[in-house]
Amino acid sequence: MKITTLEQIIKNKSSKTEFAIVTNLQNGESQVFEPGKKLTGEFENFNKQVENFFNSKKNGIIENSEIFVETYVRPIKVIIIGAVHIAQYLVDFAKSLNFEILIIDPRGYFATSQRFPDLKIINKWPDEAFKEIETNKTTALIALTHDPKIDDPALQYALNKKFYYVGALGSKKTHENRCQRLKEAGFTDEQINSIYGPIGIKLGGKSAPEIALSIIAQLVSETYNK
Amino acid sequence: MRNSFDEKILDEAYDWIKTNQKVVLATVIQTWGSSPRQVGSRMIVNEKGDFSGSVSGGCVETAVVRESIDLIKENKLCKKIEFKVSNESAWEVGLACGGEIAVYLEQVN
């Protein structure tokens, strides 16, 4: 690999532009592929196959060739409602996984950069905050405040936008009440049952890092199931 | 999980190069059977044999380091190596898991 190719890869990574590295295994030549841009020179004839790899987010060797393709796709966006203690551990766990975390909390004392260095925190009510965030079916929501004023609007937004994972912290009783409120707000049983509540897999732990671990384990598992 | 913008290994490679180290990228390009790391997994090696990242569960990294140092010494651009099942009774390099992997070595130049 040429150093200029490596520099372009680093640039694409930092600007979060999705791309693929295309390498000729025979001579070590490589080029960076970006959607909409055509590969040139010796890779010219492989545009179609590289695009297929890119679209299916796969790595591998193109059949009957010596061309290796490695795709770089954006991490999954995880929106956390509540800049609480558990969220601090979730951020730590997510660092080594393929998740990009955003936190929404309208409460100024919680949403401080001192508590969450290097992280995007939106210090607004969910309805306002979601106007600033691009979301789709591959977005996840973790509601941690167990305060209906803050959690409910976010849960409603996530259900309407069909997030692939929606989880809410709280006891069974808290969750029953939450389901009742969502029902009254017009959500179907199917939508309500899709919420993971109480959130997380059963680990038995009660401390903040243990709960965070049980949540992140469920999130990873559901990410592979989707 | 899949390669992502969070994967830091290439950034690390670039940092090494900026401090005048010679760097070989070693990438898993093919796997057969049960292999510990998926296609696209990567480690980097410098001329002294320092390495970061992984291409297996620790089974073949030593051999990859040795081959990478040779690549730098011989000033070759690239090389493909295949690793197969190891014989459990011998201290040889191979994959105890019964899988096979192909690793591609390339110098950054």
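Cross-link list A:Lys58/B:Lys80; A:Lys11/A:Lys226; A:Lys2/B:Lys48; A:Lys58/A:Lys162: which exceed 27 angstrom alpha carbon to alpha carbon?
A:Lys11/A:Lys226
For A:Glu66 and A:Asp147, compute 0.36 nm times the residue count separating them, minus their Cα-Cα distance, and round to one decimal in nm.
Values: separation 81, 0.36 × 81 = 29.16 nm, distance 5.64 nm.
Between A:Glu66 and A:Asp147, full extension yields 23.5 nm more.
If the cut-off is a Cα-Cα distance under 18 Å, which aspartates and glutamates reach A:Lys149, setting aside same-chain residues fewer than 8 apart in sequence?
Candidates past the 8-residue exclusion: A:Asp105, A:Asp127, A:Glu128, A:Glu176, A:Glu184.
For a label point 7 angstrom out from the Cα of A:Lys58 toward its Cβ, which stretches of the stretch B:12-42 have the backbone nitrogen within less than 14 Å?
B:30-31, B:39-40
Per residue of A:81-88, count partner chain C-beta atoms within 10 Å of its C-beta, then hand back the mean as an integer.
Working: counts 0, 0, 0, 0, 0, 0, 0, 0.
Mean inter-chain Cβ contacts per residue within 10 Å come to 0.
How shielded is A:68-76 by partner chains, expressed as the average number of their Cβ atoms within 10 Å of its Cβ atoms? Write out the running numbers ahead of the final one.
Details: counts 8, 3, 7, 3, 7, 4, 4, 6, 3.
What the average comes to for A:68-76 is 5.
What ranking, highest mean first, results for peptides A:13-22, B:14-23 when packing means the other Cβ atoms within 10 Å averaged over each residue? Each step should come with its number before you reach the end.
Values: A:13-22: 17.5, B:14-23: 14.9.
Highest to lowest by the protection proxy: A:13-22, B:14-23.
Determine the gain in length on full extension of the stretch A:Lys2-A:Glu176; use 0.36 nm per residue of separation and subtract their C-alpha separation, reporting nm with one decimal.
56.8 nm
Excluding A:His175 itself, calculate the net charge of residues whose Cβ lies under 13 Å from the Cβ of A:His175, where each Lys or Arg counts +1 and each Asp or Glu counts -1.
On the way: positive: A:Lys172, A:Lys173, A:Arg178, A:Arg181, A:Lys183; negative: A:Asp151, A:Asp152, A:Glu176.
Its environment carries a net charge of +2.
If you average the sequence gap of Cα pairs under 8 Å that are 6 or more apart and divide by the length of the stretch A:154-226, what percent do you get for the contact order? Show your work: numbers first, answer last.
Values: 57 pairs, mean separation 24.4, N = 73.
About 33 percent, as a whole number.
Based on a Kirkwood Rh over C-alpha pairs, give the Stokes-Einstein translational diffusion coefficient of the stretch B:9-107 at 4 °C and viscosity 1.567 mPa s in µm²/s.
Numbers: Rh = 13.5 Å.
D = 96 µm²/s.
With r as the distance between the Cβ atoms of B:Lys80 and A:Asp92 and R0 = 30 Å, compute the FRET efficiency 1/(1 + (r/R0)^6) and round to 0.05.
Details: r = 38 Å, r/R0 = 1.27.
Once the sixth-power term is evaluated, E becomes 0.20.
Expressed as a rounded percentage, what relative contact order does chain A have, with Cα pairs under 8 Å and six or more residues apart? Don't skip to the answer; put the middle values down first.
Details: 348 pairs, mean separation 31.6, N = 226.
So the answer I get is 14 percent.
What's the exposure ranking of A:Ile61, A:Ile76, B:Ile101, going from fewest to most Cβ atoms within 10 Å?
Details: A:Ile61 18, A:Ile76 23, B:Ile101 26.
Starting with the residue having the fewest Cβ neighbours, the order is A:Ile61, A:Ile76, B:Ile101.
Using only DSSP helix segments of four residues or longer, with each worth -39500 (n - 2.57), what per-residue ellipticity at 222 nm results for chain A after dividing by its residue count and rounding to 500?
Details: 8 runs with 85 residues, N = 226.
After summing the helix terms and dividing by residue count, I get -11500 deg cm²/dmol.
Leaving out same-chain residues fewer than 8 places away, which aspartates and glutamates sit with a Cα under 14 Å from that of A:Lys95?
Here the aspartates and glutamates satisfying the reach criterion relative to A:Lys95 are A:Asp118, B:Asp6, B:Glu7.
Express in nm, to one decimal, how much length is gained between B:Asp50 and B:Asn20 on full extension, taking 0.36 nm for each residue of separation and deducting their alpha carbon distance. Provide the component values of the computation, followed by the final result.
Working: separation 30, 0.36 × 30 = 10.80 nm, distance 1.38 nm.
Length gained, B:Asp50 through B:Asn20: 9.4 nm.
What order do you get for A:Leu144, A:Leu39 when you list them from fewest to most C-beta neighbours inside 10 Å? Before the final figure, lay out the partial values.
Values: A:Leu144 26, A:Leu39 19.
So the residues, fewest neighbours to most, are A:Leu39, A:Leu144.
Just so you know, all these numbers are worked out from the coordinates, no wet-lab data involved. This structure is a prediction, so every number in the text was calculated from the model and none was measured. Heads up, the Cβs are rebuilt from the backbone with ideal geometry, glycines too, and the neighbour counts pull from every protein chain shown.
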